[in-house]
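Scroll down for the structure; my scribbles are underneath it.
No lab work stands behind these numbers, since they all come straight from the coordinates. Keep in mind it's a predicted model, so treat the numbers as computed, not measured. All Cβ positions, even for glycine, are placed from backbone atoms using ideal geometry, and neighbour counts span all protein chains on display.
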Amino acid sequence: MRIRPALAASFTAVLALLATSGAPAAATPGPAVCAERAVEVAAAASSAAPDVVLISVTNQGHRPCAVDRIPTVNFGDLDGAALPVPETSSAPYRLAAGGSAYAAVRTLDPASTELRLVDAVTVAGHPAHRGRTFEAASLAAPDGIRVWEPVTTWWHPTRAGADAVLARHTG
């Protein structure tokens, strides 16, 4: 698996650049990064597709905040994170107070002849967050989560939007 290097640093740099860009006072850089304690992360196995995990992030706070537009999804003790489809770089994704976003993760490339089994997947809304770990059994994979060349969609306002993007990009 490939690693997305320095996402947290680049996300913070973008926010800092926006804050110091000399933009007119009326222009605002957007909401601050969500505090990890204000974000609820959920994950569930897809009933429609094997090796797909459906994830969501919800802002439990009373103010808008931002997560990264790419969910951070790590697998057990494997090195690296799921890569975004389509390819993109880190950027803020705004969550309204009480708002949710959805993504779909394909854990195993259907054309793969190799795989690894892991006992858990960890999902975070921002690369600086520790995230929440979901055991394989809770994702309908009692023998382990099958992983090879995993990909994730960006966050979307609806689960259907995330599913559609995953279907288009992973065929």
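May I have the convex hull volume per residue, in Å³, for the Cα set of segment 31-103?
Once divided by residue count, the hull of segment 31-103 is 111 Å³.
Once you list every other residue whose beta carbon is under 11 Å from the beta carbon of Ala120, what net charge do they have if Lys and Arg are +1 and Asp and Glu are -1?
Summing Lys and Arg as +1 and Asp and Glu as -1 gives -2.
With labels modelled as points extended 7 Å from the Cα through the Cβ direction, what inter-label distance (nm, one decimal) is found for Ala128 paired with Ala38?
Spacing of the two 7 Å Cα→Cβ label points: 1.2 nm.
Based on the alpha-carbon gyration tensor of segment 117-171 and its eigenvalue square roots a ≥ b ≥ c, which shape applies: rounded if a/c is under 1.5, prolate if not and a/b is larger than b/c, or oblate?
oblate
I need the P(r) histogram for segment 58-171: all alpha carbon pairs, bin width 5 Å from 0 out to the longest distance, whole percents.
For segment 58-171, the binned pair fractions read 2, 12, 20, 24, 21, 13, 6, 2, 0, 0 percent.
Between Glu87 and His62, what FRET efficiency follows from the Cβ-Cβ distance if R0 is 45 Å, with the result rounded to 0.05?
0.85
Hey, rough spin-label estimate for Ala160 and Ser100, points 7 angstrom out along Cα→Cβ, what's it come to in nanometres?
1.5
What does the extension gain come out to for Glu135 and Leu78, with contour length at 0.36 nm per residue minus their alpha carbon separation?
19.1 nm
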